[in-house]
Amino acid sequence: MKINPFKLERYFAKYEFSAPYLLCPSDCEALSMSELLEMSDEASLKMWEELGLGYTESQGHPLLREEISKLYQTISPEDVMVLAPEEGIFIAMNTILEEGDHVISTFPGYQSLYEVANAIGCTISKWTPRKKDEWKFEPEDLENLINNNTKLIVINFPHNPTGATISENSLQKIIEIARQHNSVVFSDEMYRLLEYEAASRIPSACDLYENAVSLFGMSKSFGLAGLRMGWLVTKNSDLFQKFSTYKDYTTICNSAPAEILAIIALRMKNQILERNINIIHNNLKLLDEFFREYKELFAWARPKAGPIGFPELKADKPVSDFCTELVEKQGVMLLPASQYDYEGNNFRIGFARRYMPQALSQLKAYIDKYYK
């Protein structure tokens, strides 16, 4: 398969490990190994200490799949396949889609959610949000894009990069549309459980629709991106079997240490999620103050969920130039909308890390020097 470069990942490769101040990451504050092991109960710690470093079960450790199934309402461990998050997207797209299929995807978005389909030879329609005071995805806009050849509807809520989410009623409408057209729903739920209010949390698509595939993992909400642990969940046994067969040509099985660490984290999920939500809430207050102070320069559509937002630069300058100058002159990394192939003058800002106040102060220093 020939596939276009992943623009966002190439941009991060250039700056992520050299810029001293990252102000655009989409993951939560990383837990250290010692922090995670300190949370462990005696049984989990024993598993870690006695772990054999051989091959693991391709579908995932049974205890890990059991812990994952507890995140859903109608899912059993047999419905769960453990893999790397990006691998999950690649496997799902390559097993569901064929050349000539029509795919609808939320946009802007993580490039692989539509780029893999593009490389397969599918036609892509982009479901974009409306924006007034907030970003909002309307189901009727989705319905206007669908046709008789729509094989797959890709959704991502909470949304990367806008921080938008939808209501349960809107999710039900999406599923009704998919069912009417016999379309599969691929639901990227990597930012699930980071809703600012629990009441705004929508169900997982795989709990509501027999032809839904849900993607989740440890990278974002749990602050454990280094584990490379994610999973696909579906009640469609035919799709699940195809995923299993395809995985034999990717990773075959998962990292044994990462699986045990993921079990420990999921058993302590409430403690980890509370920690991360508190960081987000504290940093959002600082961002609200920042965007009020610099309202002439930025338009701030406050996100509804997740660790990222998508403000707009109002200056008469391309946002890509602004971000390049900022990182090269001040060492602060933001992610311009051009890395999403989005035409607006927006940029992604991340606020789920404890050092965000220091990064924000450096952004202020740059603005005060060059824009006042």
**Item:** Residues located in the stretch 47-93, provided they are of a type in the set (Lys, Arg) and surrounded by 17 or more Cβ atoms within 10 Å (Cβ to Cβ)
**Value:** ARG65
**Prompt:** Mind checking which residues of the stretch 1-29 are within 25 Å of GLY163 (Cβ to Cβ), small (Gly, Ala, Ser) and without any contact (Cβ under 8 Å) to a residue 24 or more places away in the chain?
**Reply:** ALA13
**Asked** In the stretch 136-183, what count of residues is obtained for those that are small (Gly, Ala, Ser) and under 17 Å from the mean Cα position of the chain (by Cα)?
**Response** 2
**Asked** Residues in the stretch 98-105: is at least one hydrophobic (A, V, I, L, M, F, W, C), in a helix (DSSP H, G or I) and either buried (at least 18 other Cβ atoms within 10 Å of the Cβ) or assigned by TED's automatic domain parsing to the domain that holds LEU232 (or both)?
**Response** no
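For (1) of a type in the set (D, E, K, R); (2) surrounded by fewer than 17 Cβ atoms within 10 Å (Cβ to Cβ); (3) assigned by TED's automatic domain parsing to the domain that holds ARG192; (4) closer than 25 Å to THR106 by Cβ, each residue gets a yes or a no:
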position: GLU289; (1), (2), (3), (4): yes, yes, no, no
position: TYR294; (1), (2), (3), (4): no, no, no, no
position: ALA301; (1), (2), (3), (4): no, no, no, yes
position: PHE310; (1), (2), (3), (4): no, no, no, yes
position: GLY350; (1), (2), (3), (4): no, no, no, yes
position: ARG354; (1), (2), (3), (4): yes, yes, no, no
**Fill in**
Selection from the stretch 34-54 of residues touching a helix residue (DSSP H, G or I) at 6+ places or on another chain (Cβ under 8 Å) and either aromatic (Phe, Trp, Tyr) or closer than 25 Å to ARG275 by Cβ (or both) yields LEU36, LEU37, MET39, SER40, ASP41, SER44, LEU45, MET47, TRP48
**Fill in**
Of the listed residues (LEU284, LEU266), the one being touching a Pro at 6+ places or on another chain (Cβ under 9 Å) and over 19 Å from GLU86 (Cα atoms) is LEU284
**Prompt:** Any idea which residue in the stretch 190-199 is nearest to GLN271 (Cα to Cα), counting only those that are assigned to a loop (DSSP other than H, G, I, E, B) and touching a strand residue (DSSP E or B) at 6+ places or on another chain (Cβ under 8 Å)?
**Reply:** LEU194
**Prompt:** surrounded by fewer than 19 Cβ atoms within 10 Å (Cβ to Cβ), of a type in the set (A, V, I, L, M, F, W, C) and within 30 Å of ALA256 (Cα to Cα): does that describe ALA225?
**Reply:** yes
**Tally, over the stretch 248-267, of residues that are part of a helix (DSSP H, G or I) and under 21 Å from the mean Cα position of the chain (by Cα)** = 7
**Prompt:** Just wondering, is there one or more residues in the stretch 331-348 that are surrounded by fewer than 19 Cβ atoms within 10 Å (Cβ to Cβ), more than 26 Å from the chain's Cα centre (by Cα), of a type in the set (Gly, Ala, Ser) and farther than 27 Å from PHE157 by Cα?
**Reply:** no
**Request:** Go through the stretch 200-235 residue by residue and tally those that are over 16 Å from the mean Cα position of the chain (by Cα) and assigned to a helix (DSSP H, G or I).
**Result:** 4
**Request:** Find all pairs meeting these conditions: Cβ atoms under 6 angstrom apart; at least six residues apart or on different chains; first residue within the stretch 149-178 and assigned to a loop (DSSP other than H, G, I, E, B) and at pLDDT 95 or above; second residue among the β-branched types (Val, Ile, Thr) and crowded, with 19+ Cβ neighbours inside 10 Å.
**Result:** PHE157/THR165; PHE157/ILE166; PRO158/THR165; PRO161/ILE308; GLY163/ILE308
**Test: LYS136 is touching a His at 6+ places or on another chain (Cβ under 9 Å), buried (at least 16 other Cβ atoms within 10 Å of the Cβ) and of a type in the set (Lys, Arg)** = no
**Request:** Considering only residues that are of a type in the set (D, E, K, R) and over 20 Å from LYS285 (Cβ atoms), look in the stretch 326-372 and name the one that is modelled with the lowest pLDDT.
**Result:** LYS372
**Request:** Would you mind stating whether GLU259 is surrounded by fewer than 18 Cβ atoms within 10 Å (Cβ to Cβ), among the acidic types (Asp, Glu) and modelled with pLDDT of 95 or more?
**Result:** no
**Prompt:** When LEU45 is evaluated against the numbered criteria (1) within 21 Å of the chain's Cα centre (by Cα); (2) more than 29 Å from LYS235 (Cα to Cα), which criterion, by number, is the only one it fails?
**Reply:** (1)
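Mind listing just one residue for me: the one in the stretch 184-198 that is over 12 Å from the mean Cα position of the chain (by Cα) and free of Cβ contacts under 8 Å to residues at least 60 places away in the same chain and, of those, farthest from ILE308 (Cα to Cα)?
By that ranking, first place goes to VAL185.
The values are calculated or read from the model by the stated rules, or taken from the named source; none is laboratory data. Bear in mind the structure is a predicted one, so any value in this text is a computation, not a measurement. All Cβ positions, even for glycine, are placed from backbone atoms using ideal geometry, and neighbour counts span all protein chains on display.
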